[in-house]
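Working notes for the structure below.
The values are calculated or read from the model by the stated rules, or taken from the named source; none is laboratory data. Everything numeric in this text was worked out from a predicted model, so none of it was measured. Cβ sites come from the backbone with ideal geometry, for glycine too, and all protein chains shown count toward neighbours.
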Amino acid sequence: MTNVSPKSPPPNKDRFGSLSFRARLIIGNISVAFLAVAALSYYVYYHAQTENAYLTGQLDISVQQRAEDQLSTISTEQANALDNFFASAKKDIVNLGATTEKLLSQETVLGSGTYWNAAQQLYRLPNGNWDNPRSEAGSVFMPASVELNDPLTQELNTVKQLDFVAPTLLKSNPDAIAVYFGGVPSETIYYPNVDLASLVPPDFDITKRPWFVKAAPAQNPSRATVWSDPYLDAAQNGLVITGSVPVFDPAGNFRGAAAMDFQLNRITTLVSSIKVGNTGYAFLVDKDQRLIAMPPAAYTDLGIAPESVPLGESLDPSKAPAAIPAEFWAVLTKMNSGQSGLESIEINEVKRFVVYHSIPEVGYNLIIIVPAEEMLTDSIAAKEQIAQSFRSTLLLSGFLVVVILLISLIAALTLGNRLVRPLGALTKTAEEIAGGNLEAEAEVRGQDEISVLATAFNAMTARLRNTLQGLEQRVIERTTELQIANKKNGRRAEQFEAIAQVGHAINSIRRTEELLPRIASVISEHFGYYHVGIFLNDENNLVSYLTASNSEGGKKMLARGHNLRIGEQGIVGYVANAGQPRIASSVGEDAVFFNNPDLPDTKSEMALPLRSGGKVVGVLDVQSREENAFSEDDINVLNALADQVTLAIDNSRLYESTRRSLEEAEALYRQYLRQAWNRLPREQQLAGYHYGQRGATPLEVPISLDAEEKKDVEEVARFNVPIKLRGETIGNLVVQVPQGRAWGQDQIDLVEAVAERVALSAENARLFDETSRRAERERMVTEITSKIRSTNDPEAMIRTALDELRNALGATQVQLIPQAISASQKNQSEIISSTPQDPAQKAQRGNGAKK
């Protein structure tokens, strides 16, 4: 038995792991107790915190609801008081309108002027406007454009009866500062008498005033009381508002509007006196956010200067500091729709309640702003009391946790000592076994978990003894298997490398006679076969010829043109016929195939068909000096190689066929070019062109440099460049310069480049000319054919054809001579000719003379 010396355990970086089991057991028990107490404490704390939060939340909700109810009650009461003010004013306006209508209903009686006569009391001022005495109860004014006629006089006499009503209205309502009537003809009766003609311009038209326009039926079809926008009174009465009502006669005709002016000083005082909490305040705005009343506290809190937004001006963000939040302006916008409500907004970093309530009579809105803290004082005191109670509970819970932890520590120490003793004995036994004593066994006492552990430890020791006995043998077996696997993997790698090299050869070599020997060499080198041959079938698929080989014997066979008849000779002939791979060995029934004197060392042979498009085009023949040298993996890899070889053969044949077709096409095209350009000088009767300083001159004969002509060119130097088109010379470009002038390389390159452009341009011109002549010929043929088809008489058709040919060719005579005429038809045959004839000839032909 082999003794194995145990390695010393690595140092434990975990401090807890370096402690003894007894210490860890005690720490574990204490930790469990601590976790339990901590969890219970957390539960108690969380539950208490939740209850505290719930009670605080309920308290906040209750106090805030009470504060909101209180604020809503205050805003409602104050808004009702303000609404009553305007309702009372509206009542006076309605009474004034009703009184005026009642007076107009008695216009026939009252308009006679018994009490007051406009024709006597009114007089024109220098500016053309009308006025009445200052001593009367009310002012009467008419603009200069109005003439005092009888209907107007009757109306003024009637409405002037308000002298008995208007002063009483002014006395009964201290907030009313004026009572007046504006008629449709533009007259004005104004109480008290302020000498209105001296205060307004001569062309003052009462019907253009906003309060009159709003009361007129065009904008007030319901005949309701309407209120003007607030404005600052010019008579130092402060902010004023005008209420007006339309006045109709019994016939339903609109006669004018009765109106009253009210100063809003009492409204301002009432709004400024509203106090909520310690620092709360209220202010009043109309539907267009114009200030009606705003106390100094509101200006200060909102950071607005009174001179920038005085009463009567609109309150908008452009006139207020940026510190006012957007929620505040949203509340003002919401009020315009007549809504009432309460919002919580933070202004200047202080949370505030904003209560708004509409005053429906005039469309105004009352806003009350108060710090939330002032309304929630009771809630803050109650929350402080709850927090104090919560802190006391936490202190008591902490003391109980400490006591429980101390008790847990004492219990853990006692229990740990009792549990560790059996483990100490088991540890001693384990140390003996680790020292090499595999015969040592642990003592088993009882049936607890430690005893079960000792039993399992003894069983493990026994199994360890048995394991060590067979371990060395297993190591030897595994090492052998690993070597075999490595050898197979190495061979597989070489095979894959061979496939890669074959693929590279296919891509880099195009010719079959170079490609196939290279493939045979690669297969032999990487697979270790001493002979690799590639056979290709003939076109009739009768004989398979050895085309490439790597071995010396194979090269001898190539030299003598080795071939095998398909389906009759050898494994190769079988595979070429059957199209199936075959493996043969030198022993057994296939021994007859191994009698080749050129390959005497062959012990195993494998032949694989080379298929192209489902047809066997050849065979890959592989031979080895070892028996049973071909495994299943070799067959699969060589099959893949056979497919690549087939692909290489197809590609090479396609390349050769394409190359030959291209060479034939190029040769035919060069022949066509040569014939066309050889024919061109004869057809055009032109040998070329001479270009000089005086222009271009056609050449009847080519330029010659014979000895007798050189005397004329002694003073010039010539440079002759052939004009080539696709390898065929179609002419020459001869350049002459003064004798003694050297030709530079740039000049030579320029002449050669010009020769190339001349070749292309000349060929394009020739093709264009040839195409034009063909088109002309087709046109003439079409015209002749059309004329022939214009008649159904065969003789007329032939004669038309001959005439057209003669005209087209410019011939003097065209004849149609029949051939192979039988003896019976000889006397009836004739020669039809076409020649220019005069009338006598035509008459002779008409008498029966024909050629």
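Here the strands (runs of 3 or more DSSP E) wholly within region 519-571 that include at least 3 residues being surrounded by 15 or more Cβ atoms within 10 Å (Cβ to Cβ) are 531-537, 543-549. Could you please find all residues in region 179-189 being hydroxyl-bearing (S, T, Y) and either under 10 Å from K160 (Cα atoms) or surrounded by fewer than 23 Cβ atoms within 10 Å (Cβ to Cβ) (or both)? Of everything in region 179-189, just one residue is hydroxyl-bearing (S, T, Y) and either under 10 Å from K160 (Cα atoms) or surrounded by fewer than 23 Cβ atoms within 10 Å (Cβ to Cβ) (or both), namely S186. Filter region 717-759 down to residues that are among the charged types (D, E, K, R), modelled with pLDDT under 80 and not in a strand (DSSP E or B) and give me whichever is nearest to L680 (Cα to Cα). So, considering only residues that are among the charged types (D, E, K, R), modelled with pLDDT under 80 and not in a strand (DSSP E or B), the one nearest to L680 (Cα to Cα) is R726.
Taken over region 210-240, the criterion of being in a loop (DSSP other than H, G, I, E, B) and either over 18 Å from Q263 (Cβ atoms) or among the hydroxyl-bearing types (S, T, Y) (or both) is satisfied by A216, P217, A218, Q219, N220, P221, S222, R223, A224, T225, S228. With respect to being closer than 20 Å to E77 by Cβ, touching a residue at least 12 places away in the same chain (Cβ under 8 Å), part of a strand (DSSP E or B) and charged (D, E, K, R), E343 fits the description. Taking region 101-152 as the range and being modelled with pLDDT of 95 or more and of a type in the set (V, I, T) as the test, only V140 passes.
Scan region 431-443 for residues that are surrounded by fewer than 16 Cβ atoms within 10 Å (Cβ to Cβ), small (G, A, S) and out of contact with any Pro (no Cβ under 7 Å at 6 or more places or on another chain) and the total you get is 2.
Please determine, by comparing only the residues of region 115-136 that are aromatic (F, W, Y) and part of a loop (DSSP other than H, G, I, E, B), which one is nearest to Q154 (Cα to Cα). Lay out the reasoning, then the answer.
Restricting attention to region 115-136, the residues satisfying the condition of being aromatic (F, W, Y) are 115-116, 123, 130.
The next check asks that each one be part of a loop (DSSP other than H, G, I, E, B); those that pass are 115-116.
Working: Y115: 12, W116: 10 Å.
My answer is W116.
For region 81-108, filtering for residues that are surrounded by 14 or more Cβ atoms within 10 Å (Cβ to Cβ) and free of Cβ contacts under 8 Å to residues at least 60 places away in the same chain leaves 1.
Suppose we filter region 200-231 for residues that are of a type in the set (S, T, N, Q) and touching a residue at least 24 places away in the same chain (Cβ under 8 Å); how many remain? Quick ask: steps written out before the conclusion?
Filtering region 200-231 down to residues of a type in the set (S, T, N, Q) leaves 207, 219-220, 222, 225, 228.
Right, trim to touching a residue at least 24 places away in the same chain (Cβ under 8 Å) and you get 207, 220, 225.
Final tally of qualifying residues: 3.
Listed by first and then second residue, the pairs with beta-carbon distance under 9 Å, at least 6 apart or on different chains, first residue in region 780-799 and over 16 Å from V814 (Cα atoms) and touching a residue at least 60 places away in the same chain (Cβ under 8 Å), second exposed (fewer than 10 other Cβ atoms within 10 Å of the Cβ) and acidic (D, E), form an empty list. The residue that is nearest to A53 (Cα to Cα), counting only those in region 410-430 that are surrounded by 13 or more Cβ atoms within 10 Å (Cβ to Cβ), among the hydrophobic types (A, V, I, L, M, F, W, C) and modelled with pLDDT of 75 or more, is A411.
Taking A323 as the residue in question, decide whether it is exposed (fewer than 13 other Cβ atoms within 10 Å of the Cβ) and touching a Gly at 6+ places or on another chain (Cβ under 8 Å). Yes; evaluated as a whole, the condition is true for this residue. The single condition among (1) touching a strand residue (DSSP E or B) at 6+ places or on another chain (Cβ under 9 Å); (2) of a type outside the set (V, I, T); (3) surrounded by fewer than 21 Cβ atoms within 10 Å (Cβ to Cβ) that M294 does not satisfy is (3).
Here's the yes/no breakdown for (1) assigned by TED's automatic domain parsing to the domain that holds V165; (2) polar (S, T, N, Q); (3) assigned to a helix (DSSP H, G or I):
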position: A79; (1), (2), (3): no, no, yes
position: N84; (1), (2), (3): no, yes, yes
position: I93; (1), (2), (3): no, no, yes
position: L96; (1), (2), (3): no, no, yes
position: T100; (1), (2), (3): no, yes, yes
position: G113; (1), (2), (3): yes, no, no
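Taken over region 233-282, residues that are over 30 Å from S75 (Cβ atoms) and aromatic (F, W, Y) amount to 2. Of the residues making up region 351-370, those that are over 15 Å from A67 (Cβ atoms) and in a strand (DSSP E or B) are Y356, H357, S358, I359, Y364, N365, L366, I367. Inspection of region 53-75 finds no residue satisfying the criterion of being modelled with pLDDT of 70 or more, more than 30 Å from L284 (Cα to Cα), touching a Gly at 6+ places or on another chain (Cβ under 8 Å) and aliphatic (A, V, I, L, M). Note on region 540-560: residues that are within 20 Å of L515 (Cβ to Cβ), without any contact (Cβ under 8 Å) to a residue 24 or more places away in the chain and not aliphatic (A, V, I, L, M) amount to 2.
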